1. Translational D (Stokes-Einstein, µm²/s) of the range 15-66 at 4 °C and 1.567 mPa s when Rh comes from the Kirkwood sum over C-alpha pairs?
2. Placing +1 at every Lys and Arg Cβ and -1 at every Asp and Glu Cβ, with all other atoms neutral, what dipole size does the range 194-245 have around its Cα centre, in debye to the nearest 20?
3. With N denoting the number of residues in the range 23-103, provide Rg(C-alpha) divided by 2.2 N^0.38 Å, to two decimal places.
4. For the range 72-142, report the translational diffusion coefficient in µm²/s to the nearest whole number, using Stokes-Einstein at 10 °C, 1.306 mPa s, and a Kirkwood Rh over Cα pairs.
5. Around CYS52, which amide H atoms from residues at least 5 apart in sequence, or from another chain, sit under 5 Å from its own amide H, with H modelled in the peptide plane?
6. Rounded to the nearest 5, what % of the DSSP beta bridges within the chain are antiparallel ones?
7. Please list, ordered by chain and number, the residues whose modelled amide H lies under 5 Å from the amide H of LEU135; skip anything fewer than 5 residues away on the same chain.
8. Can you compute the helix-only [θ] at 222 nm over the chain? Use -39500 (n - 2.57) per DSSP H run of at least 4 residues, normalise by all residues, nearest 500 deg cm²/dmol.
Amino acid sequence: MSKNNEWKHFFGSAYQKFSQYILTEDRTKVEVQNIEKILDLQPNFKILDLGCGSGRITIPLAHKGYHLTGFDGSNYSLNIARNNAGNLPITWIESQIKDLDSEHKYDAILSIGTAFGYVDDQEDKTTMEKIYHMLNQGGKLLIDTENRDFMLHQYSENAWNEMGDQIVWSKRKFNPLNSRWREEISWNEDNNLESSILNVRIYSAHELINLLETIGFKVQKLYGSLKLDDFHMRSSRIVIVAEKE
């Protein structure tokens, strides 16, 4: 299976099934409130949610009156998002992040929940350059992604977790030469063994900061999660707010 098909398969029905036990309503409520706070969102702001998935963040922000565009490469996830959004005036775009149209301008761009890193480093940089050009002057980018240092500190090749009434097994490999994390996730469903593969480039905080500053962003804030706790080596997430000056 190609890398392109791997991530599409990974973010399919199984992801929607299992993520509900991690991305709870309470967590979403806190994260939406904190996104408003750290980005200082203003009425009539135009916001692009990259890798919006089923609209977990997009839809609550639209309910608050902001002008939202949800962008995702998964047709399965976007169909759920459209259904959940009802008549909310949200623009939905099905496309890959590498094919972003930089002619549209936004006041804020969100990349929540490890929404990039599924291509090579050069394509990630090109994506960030496009994002920079898509922001209005003074516009802000919010990145929420895995913290490589934390993941390696917790690293084990084999692991299992309970997701509701389901046991999910993980078989992991980390390549130190390119910082790619490959994780095959397996579970039993109707007496059949199902699996999907996560293949993603994981970043350290300094790598992301250097990337953004090289492009022209000014990094304003760094947190250890969208709870807005201080960042440290064992933070589970990297949350960065960067401004286009």
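1. On the way: Rh = 11.8 Å.
The calculation lands on 110 µm²/s.
2. Working: 7 positive and 7 negative charges, 12 e Å.
Dipole of the range 194-245, to the nearest 20 debye: 60 debye.
3. Numbers: Rg = 12.3 Å, N = 81, 2.2 N^0.38 = 11.7 Å.
Its radius of gyration relative to the 2.2 N^0.38 Å reference: 1.05.
4. Details: Rh = 13.4 Å.
Value of D from the Cα-based Kirkwood radius: 118 µm²/s.
5. PHE71, ASP72
6. Counting only bridges with both partners in the chain, antiparallel ones make up about 65 percent.
7. Counting only residues 5 or more places away or on other chains, the set is TYR106.
8. On the way: 8 runs with 78 residues, N = 245.
Using -39500 (n - 2.57) per qualifying helix, the result is -9500 deg cm²/dmol.
The values are calculated or read from the model by the stated rules, or taken from the named source; none is laboratory data. Just so you know, these numbers come straight off a predicted model, no measurement behind them. Neighbour counts run over all protein chains shown; Cβ positions are idealised from the backbone, glycine included. These area figures cover heavy atoms from the full protein model, side chains too; ligands, DNA and RNA do not enter into them. Shrake-Rupley method; radii C 1.70, N 1.55, O 1.52, S 1.80 Å.
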